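Here the structure is laid out as structure tokens; the discussion comes afterwards.
The values are calculated or read from the model by the stated rules, or taken from the named source; none is laboratory data. As the structure is a prediction and not an experimental result, all values here were calculated from the model. Don't worry about glycine lacking a Cβ; one is built from the backbone with ideal geometry, like all the others, and counts go over all protein chains shown. The protein model used for the area step is the full one, side chains on, heavy atoms only, and it has no ligands, DNA or RNA in it. Shrake-Rupley method; radii C 1.70, N 1.55, O 1.52, S 1.80 Å.
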Amino acid sequence: MSTQTVAQAPRRQELAAFLRSRRERITPEEAGLPPAPRRRTPGLRREEVATLAGVGVTWYTWLEQGRDINASSQVLGAVARTLALDPHEREHLFRLAEVADASPQVECQSLPPTTQLLLDKLDPYPAMVRNGRFDTLGFNRSYERMVGNLSGLPFEDRNTLWRAFTSPSVRAAIVDWPAVTQRLVAEYRAAMAEHVADPAWKCLVTRLLEAAPEFAEIWGRHEVAAPENRTKHWLHPQVGLLRLNYTHLWLSQRLNCRLITYTPADDESAVRLEHLSLLDPAPLELTPA
């Protein structure tokens with residue numbers, strides 16, 4: 001037995017125990033089967049799960065026994081549907097099996113009113129919420145005045161990575177644009193490791209490869225990085241240079257949604273943020289006053 005196989009044994013045993021626990025909670029009636037006579041054990045039988053999922057009985061039995069077998073995304077998806085797994089349980093199943101989910105549950109794309117209230121209360125400090133794919137889910141007025149009118153953009157264009165490469169005003173505002181975009185791409189590639197089969201993640205990469213030669217060059221380096229709390233240097237055309245410390249706060253670690261707040265790194269930036277809060281709503285593309 002190889003060292004790798006031995007190392008994976010605990011994960012396979014955890015997967016087996018998880019499947020058994022979920023199988024035992026489903027009654028035949030809940031699975032759409034005729035009422036069954038009294039059983040010695042609760043829930044569905046292994047052969048019933050296999051039949052409903054359209055997989056071999058022997059294969060599913062081995063999976064529940066923690067044997068070293070391969071499982072495709074499609075087959076695991078069928079098992080997840082048969083066992084009526086919720087999105088969190090489905091994600092857990094694929095993680096334990098170490099298989100990329102080809103049909104993942106929809107990532108968070110909206111915010112509850114309580115989160116928007118929190119964003120609004122942070123004014124005049126800019127603040128926003130984004131998901132793991134860098135889509136902007138919510139923001140306050142100061143953030144929109146800083147980066148441009150997000151409200152007027154379709155959802156797919158309200159993406160930090162997309163705007164960094166395709167918006168002339170955003171590109172002009174980012175001080176040290178090459179270093180910033182290199183880090184953004186590296187963070188995106190690292191986050192995408194858990195979503196390699198997700199069409200939405202791949203679609204953004206495809207759009208950027210077609211729209212921005214600089215992105216294609218950076219993407220080809222295969223660099224990765226983790227999000228960090230850093231200092232943002234943003235050259236606003238009306239209030240001047242803003243030096244802002246930004247902080248990541250988790251809203252949902254499972255969905256990779258986080259609140260990002262921007263606070264002044266110096267007194268001069270604090271004053272300029274106050275001036276920013278007095279400006280008219282931001283246009284789609286920021287231009288010099």
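Values as computed for the structure displayed
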quantity: Selected residue [closer than 27 Å to Pro154 by Cα, in contact with a strand residue (DSSP E or B) (Cβ under 8 Å, 6 or more places away or on another chain) and among the aliphatic types (A, V, I, L, M)] from Leu235, Leu209; calculated: Leu235
quantity: Selection count where residues are without any contact (Cβ under 8 Å) to a residue 40 or more places away in the chain, crowded, with 17+ Cβ neighbours inside 10 Å and farther than 22 Å from Glu98 by Cβ, scope the stretch 184-204; calculated: 2
quantity: Those residues of the stretch 172-199 which are in contact with a strand residue (DSSP E or B) (Cβ under 9 Å, 6 or more places away or on another chain) and either outside any loop (DSSP other than H, G, I, E, B) or among the hydrophobic types (A, V, I, L, M, F, W, C) (or both), in sequence order; calculated: Ala172, Ala173, Ile174, Val175, Val180, Thr181
quantity: Total residues in the stretch 223-251, condition surrounded by 13 or more Cβ atoms within 10 Å (Cβ to Cβ) and over 20 Å from Ala179 (Cα atoms); calculated: 4
quantity: Selection count where residues are open to solvent by 20 Å² or more (accessible area, probe 1.4 Å), under 18 Å from Arg12 (Cβ atoms), hydrophobic (A, V, I, L, M, F, W, C) and not in a helix (DSSP H, G or I), scope the stretch 54-84; calculated: 3
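For (1) open to solvent by 40 Å² or more (accessible area, probe 1.4 Å); (2) of a type in the set (D, E, K, R); (3) in a loop (DSSP other than H, G, I, E, B), each residue gets a yes or a no:
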residue: Glu91; (1), (2), (3): yes, yes, no
residue: Leu118; (1), (2), (3): yes, no, no
residue: Arg133; (1), (2), (3): no, yes, yes
residue: Leu137; (1), (2), (3): no, no, no
residue: Met146; (1), (2), (3): no, no, no
